[in-house]
Amino acid sequence: MRLLLAMLLIAVSMTLVPLGAVFVLVGSAEQHHLDNAYVVGFVPGADCDGDHELYLRIEDGELVDCVPAGMFASGRINLPGFTDTQEDQVDDLVEALGEDGLSTTDQREIQHLVDQFAATVPREARPYHDEAVSGSDRTRLGIGMIVTGVVGVAGFFWLVKRRRATTSR
C-alpha cells in the first residue's frame, strides 16, 4: 500500500511540473496581451510590431489592419469593450490630428483618450473576462503547480532514503 501511494505521489508530482510550465507560458502570454489591449501601436508604414488591438500609421494616422492571413479586417477602430460612440470619437480625433502625420504630442493625446475610455470598460467586456483563471493568475497557479510538483518529487526521494535507512539497520 505504501508503494502504491509513493508511486501515486511521484506520478502526480511529475505531471504537475510540465503542466505548471504550460500554465506559466500561457498565463504570461495572456498577461502580455492584456497589458497591451488598450495601448495604441503607432507604426511607420504598414508594420505590425507588437500585440496591440489598434495600430495607426504615423505618417497619416490611417488605421493599419493587422489581422492574420485569411481573416478579413474591419477597416474601422475596434477595441474590446468600447462602445461604437467611443470608437467613433477615437476615430474622429485620429482623423483630426493625423492629416499632417502624428507627432509625439498627437500620439499622446490619442493614447490619453483611449486610456480614458478603457478605464470605463467593465470587467466583463475586457479580454479573457469569461475565463476563471487568466493572465497573471494563471501564471501564479502554474508556479504553484511547479513548486508543488518539485516538493512532491523531493518528498518521494526523501521517503525512499528514509525507508532505506530504516531497513538497513
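Some points to look at:
- Scan of the range 14-28 for residues that are closer than 16 Å to Val153 by Cα and crowded, with 16+ Cβ neighbours inside 10 Å, ordered by number: Leu16, Val17, Gly20
- Flag for Asp100 being surrounded by fewer than 13 Cβ atoms within 10 Å (Cβ to Cβ) and among the acidic types (Asp, Glu): yes
- His33 touching a residue at least 12 places away in the same chain (Cβ under 8 Å) and assigned to a helix (DSSP H, G or I): yes
- Count of residues meeting criterion [in contact with a Ser or Thr (Cβ under 9 Å, 6 or more places away or on another chain) and surrounded by fewer than 15 Cβ atoms within 10 Å (Cβ to Cβ)] in the range 29-56: 0
- Condition broken by Gly142, with the remaining ones in (1) farther than 30 Å from Pro44 by Cα; (2) exposed (fewer than 15 other Cβ atoms within 10 Å of the Cβ); (3) modelled with pLDDT of 90 or more satisfied: (2)
The values are calculated or read from the model by the stated rules, or taken from the named source; none is laboratory data. If you're wondering where the values come from, they're calculated on a predicted model, not measured in any experiment. Note that each Cβ is placed from the backbone with ideal geometry, even for glycine, and that neighbours are counted across all protein chains shown.
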